[in-house]
Amino acid sequence: MDYVVIIEKGDSSYGAYVPDLPGCVAVGETQDEAMKLIQEAIEYHIEGLKEDGLPVPVPSSTIQTVRVAA
C-alpha cells in the first residue's frame with residue numbers, strides 16, 4: 001500500500017505524518033531521516049493495528065501541488 005506522507009520543515013528539524021494513519025508521526029534532523037523514520041513508524045503502526053485486531057486503513061489521501069508566483 002502507498003500512503004501519503006506529509007513532510008514539514010521546522011526551525012531545526014523535519015516532521016512527518018500520515019493523514020490516513022492518525023497518530024503516525026516522526027521527526028528527524030533532515031528530510032531523509034524523517035522519511036526513514038516515518039517508513040519505520042508506518043510499519044510499526046500497521047503491525048500494532050493488526051495485533052490489536054483493528055482494521056488497517058486503506059490509503060485514501062491524494063496529493064496535488066499548486067504552483068503560485070511568489
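The values are calculated or read from the model by the stated rules, or taken from the named source; none is laboratory data. Everything numeric here is computed off the predicted structure, so don't read it as measured data. Cβ coordinates were reconstructed from backbone atoms using ideal geometry, including for glycine residues, and neighbour counts include every protein chain displayed. Side chains included, ligands, DNA and RNA excluded: accessible areas come from the protein's heavy atoms. Shrake-Rupley method; radii C 1.70, N 1.55, O 1.52, S 1.80 Å.
Observations on the model:
- Here VAL56 clears all of (1) of a type outside the set (Ser, Thr, Tyr); (2) open to solvent by less than 80 Å² (accessible area, probe 1.4 Å); (3) out of contact with any Lys or Arg (no Cβ under 7 Å at 6 or more places or on another chain) except the condition numbered (3).
- THR62 being open to solvent by less than 100 Å² (accessible area, probe 1.4 Å), of a type in the set (S, T, N, Q) and within 19 Å of GLU8 (Cβ to Cβ): no
- Residue check for ASP32: surrounded by 10 or more Cβ atoms within 10 Å (Cβ to Cβ) and either in contact with a Ser or Thr (Cβ under 7 Å, 6 or more places away or on another chain) or in contact (Cβ under 8 Å) with a residue 40 or more places away in the chain (or both): no
- Qualifying residue in the range 1-20 (condition: of a type outside the set (Asp, Glu), open to solvent by 40 Å² or more (accessible area, probe 1.4 Å) and modelled with pLDDT under 95): yes
- Selection over the range 41-53 of residues that are open to solvent by 90 Å² or more (accessible area, probe 1.4 Å) and within 16 Å of ASP2 (Cα to Cα) gives a count of 3.
- Counting only strands (runs of 3 or more DSSP E) that fall entirely inside the chain and contain at least 2 residues that are among the aliphatic types (A, V, I, L, M), the qualifying elements are 6-9, 25-28.
- Total residues in the range 1-50, condition among the polar types (S, T, N, Q) and out of contact with any strand residue (DSSP E or B) (no Cβ under 6 Å at 6 or more places or on another chain): 3
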